[in-house]
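In what follows, a single structure is set out as structure tokens and then discussed.
The values are calculated or read from the model by the stated rules, or taken from the named source; none is laboratory data. Since this is a predicted model, take the numbers as computed values, not measurements. So basically every Cβ, Gly included, is an ideal-geometry build from the backbone, and we count neighbours across all protein chains shown. Accessible surface areas use protein heavy atoms only, side chains included; no ligands, DNA or RNA. Shrake-Rupley method; radii C 1.70, N 1.55, O 1.52, S 1.80 Å.
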Amino acid sequence: MEEDAETRKISSSFLRDHSYATEADIISTVEFNHTGELLATGDKGGRVVIFQREQESKNQPHRRGEYNVYSTFQSHEPEFDYLKSLEIEEKINKIRWLPQQNAAYFLLSTNDKTVKLWKVSERDKRPEGYNLKDEDGRLRDPSMITVLRVPVLRPMDLMVEATPRRVFANAHTYHINSISVNSDYETYMSADDLRINLWNFEITNQSFTLPDIVDIKPANMEELTEVITAAEFHPHHCNTFVYSSSKGTIRLCDMRTAALCDRHAKFFEEPEDPSNRSFFSEIISSISDVKFSHSGRYIMTRDYLTVKVWDLNMENRPIETYQVHDYLRSKLCSLYENDCIFDKFECVWNGSDSVIMTGSYNNFFRMFDRNTKRDVTLEASRENSKPRAILKPRKVCVGGKRRKDEISVDSLDFSKKILHTAWHPSENIIAVAATNNLYIFQDKVN
């Protein structure tokens with residue numbers, strides 16, 4: 001957001017045709033890898049689609065930002081828990097990349113119950129000249145083999161393979177809402193409504209902890225007052241993590257203090273303003289996403305109406321609060337009736353932690369510049385999805401006379417919502433998931 005907001009343009013967009021879109025096509029998670037060269041999306045049909053950034057060519061330098069489909073695979077299938085008579089959806093809840101160590105890429109994907117570690121690798125050669133098999137792969141009669149052949153590698157068309165290397169299952173009674181890779185790259189955590197488990201990448205048959213690193217399940221479930229909504233590891237300290245709750249609180253835990261982190265090291269909560277108290281207060285204060293800044297100094301949280309930035313050294317209130325769509329405060333009753341009030345919006349930092357992005361309704365998404373305190377509303381839609389088209393800021397009119405370029409709050413389409421976004425780790429390139437369409441925007445390139 002260093003330049004004016006109007007200098008944002010669409011670099012490319014991956015669009016599925018609305019007329020053929022099904023529930024399974026709805027994108028449920030978006031994630032760049034650590035270099036930004038790959039972008040993964042998961043959908044409600046259990047599929048993972050990976051996009052690769054095009055390499056720069058001398059003839060077309062502006063095409064550098066474009067992402068094309070690299071690999072598509074089925075990560076999860078629908079299952080049925082016969083003991084509990086429950087269907088387990090194939091929907092991908094979260095994807096997290098591991099840092100690249102060799103030529104292959106590794107990522108974690110999870111549905112409600114099972115986390116899988118996938119290896120994505122390229123193959124452009126195939127072996128030929130087996131001794132015990134013929135060219136069609138059939139076994140040969142050993143008595144017919146008279147000469148020993150040395151197998152050779154022959155070139156072939158590039159093939160991208162995705163293979164499951166680990167399956168982490170049977171550790172969550174409730175639905176998994178978060179996974180987070182630790183900075184030691186040996187462990188990761190998975191969080192559901194009441195528990196957080198710590199896993200070692202090499203151990204699949206049991207959760208690393210006995211029983212969990214966090215367990216907020218009360219002895220009597222009638223005493224349950226809150227649930228875990230999101231969790232994330234610190235980007236640099238492998239012993240520290242945070243988790244948020246449906247009561248709008250954030251707990252920071254240190255795994256060095258005890259195996260079971262039932263006592264937090266820090267507790268972040270903003271005192272409620274009594275004048276704003278209403279029937280919906282508890283619902284809209286529930287935190288839907290929590291993210292550490294890249295520096296590790298700040299935590300960002302998203303609730304229904306706001307994004308807040310917390311300093312790790314100050315627990316009693318956030319240092320910054322940004323209103324995402326405050327004009328909806330008068331619409332909470334109807335949003336409650338159509339269940340939109342329970343939508344879980346995510347939030348992301350840019351690479352330098354200076355700009356925050358989060359989604360809204362009507363395919364709008366919001367950006368907040370922490371330095372200049374400027375904010376902008378942009379729209380991801382098929383109308384402005386032509387390559388190199390300039391994105392124009394949008395404004396919502398709350399009352400009074402509406403200007404030509406403004407949209408009335410009563411005209412907002414609540415079925416079009418941007419819940420999932422991602423920001424390139426080092427460049428001003430963003431990915432925005434709008435229902436079953438993925439839009440990729442970048443700063444204007446002259």
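If you take the residues in segment 291-349 that are of a type in the set (Phe, Trp, Tyr) and touching a His at 6+ places or on another chain (Cβ under 8 Å), which one is farthest from residue 268 (Cα to Cα)? First the steps, then the outcome.
Applying the first criterion (of a type in the set (Phe, Trp, Tyr)) to segment 291-349 yields 292, 298, 304, 310, 322, 327, 336, 342, 345, 349.
Okay, now just the ones that are also touching a His at 6+ places or on another chain (Cβ under 8 Å), so 292, 349.
Working: 292: 14, 349: 20 Å.
The qualifying residue farthest from residue 268 (Cα to Cα) is 349.
Pairs, please: C-beta under 6 Å, at least 6 apart or cross-chain, first residue at positive phi and in segment 333-359, second surrounded by fewer than 22 Cβ atoms within 10 Å (Cβ to Cβ)?
353/293; 353/294; 353/295
Filtering segment 239-256 down to residues that are basic (Lys, Arg) and within 19 Å of residue 312 (Cβ to Cβ), which residue is surrounded by the most Cβ atoms within 10 Å (Cβ to Cβ)?
Initially, segment 239-256 is screened for residues basic (Lys, Arg), giving 247, 251, 256.
The next check asks that each one be within 19 Å of residue 312 (Cβ to Cβ); those that pass are 251, 256.
Working: 251: 21, 256: 11.
Across segment 239-256, the extreme among qualifying residues is 251.
Just the residues that are among the charged types (D, E, K, R) and modelled with pLDDT under 85, please, taken from segment 355-397. Quick ask: steps written out before the conclusion?
Here is the first cut: in segment 355-397, the residues among the charged types (D, E, K, R) are 366, 369-370, 373-375, 379, 382-383, 386, 388, 392, 394-395.
Residues satisfying the conditions are 382, 383, 386, 388.
Taking the stated definitions as given, is residue 209 open to solvent by 80 Å² or more (accessible area, probe 1.4 Å), modelled with pLDDT under 90 and of a type in the set (Ser, Thr, Tyr)?
Here the answer is no, as residue 209 does not meet what is asked.
Regarding segment 243-266, can at least one residue be identified that is within 26 Å of the chain's Cα centre (by Cα), within 27 Å of residue 377 (Cβ to Cβ), modelled with pLDDT of 95 or more and among the basic types (Lys, Arg)?
no
When you check residue 27 against the structure, is it over 24 Å from residue 166 (Cβ atoms), surrounded by 17 or more Cβ atoms within 10 Å (Cβ to Cβ) and at pLDDT 95 or above, yes or no?
In short, yes.
Between 54, 79, which is acidic (Asp, Glu) and either farther than 18 Å from residue 39 by Cβ or open to solvent by 50 Å² or more (accessible area, probe 1.4 Å) (or both)? Before the answer, list the steps.
Working: 54 fails: either farther than 18 Å from residue 39 by Cβ or open to solvent by 50 Å² or more (accessible area, probe 1.4 Å) (or both).
The unique qualifying residue is 79.
When you scan segment 220-228, do you find a residue that is within 21 Å of the chain's Cα centre (by Cα) and open to solvent by less than 20 Å² (accessible area, probe 1.4 Å), even just one?
Yes, because at least one residue in segment 220-228 is within 21 Å of the chain's Cα centre (by Cα) and open to solvent by less than 20 Å² (accessible area, probe 1.4 Å).
Do we find that residue 436 is on the phi > 0 side of the Ramachandran plot and open to solvent by less than 20 Å² (accessible area, probe 1.4 Å) in this structure?
It is false that residue 436 is on the phi > 0 side of the Ramachandran plot and open to solvent by less than 20 Å² (accessible area, probe 1.4 Å).
Hey, could you check segment 152-201 for residues that are polar (S, T, N, Q) and assigned to a strand (DSSP E or B) and say which is most open to solvent (accessible area, probe 1.4 Å)?
Here the residue is 163.
Any chance segment 388-411 includes a residue that's part of a loop (DSSP other than H, G, I, E, B), among the polar types (S, T, N, Q) and surrounded by fewer than 20 Cβ atoms within 10 Å (Cβ to Cβ)?
Looking for residues that are part of a loop (DSSP other than H, G, I, E, B), among the polar types (S, T, N, Q) and surrounded by fewer than 20 Cβ atoms within 10 Å (Cβ to Cβ), one finds none in segment 388-411, hence no.
Does residue 311 satisfy the condition of being more than 14 Å from residue 248 (Cα to Cα) and either touching a strand residue (DSSP E or B) at 6+ places or on another chain (Cβ under 6 Å) or modelled with pLDDT of 95 or more (or both)?
Criteria met by residue 311.
Within segment 113-151, work out how many residues are open to solvent by 60 Å² or more (accessible area, probe 1.4 Å) and over 30 Å from residue 200 (Cα atoms). Reasoning before the result, please.
From segment 113-151, those open to solvent by 60 Å² or more (accessible area, probe 1.4 Å) are 122-126, 130, 132-133, 135-136, 138-144, 146-151; that's our starting set.
Cutting the leftovers down to over 30 Å from residue 200 (Cα atoms) gives us 124-126, 130, 132-133, 135-136, 138-144, 146-151.
The number of residues fulfilling the criteria is 21.
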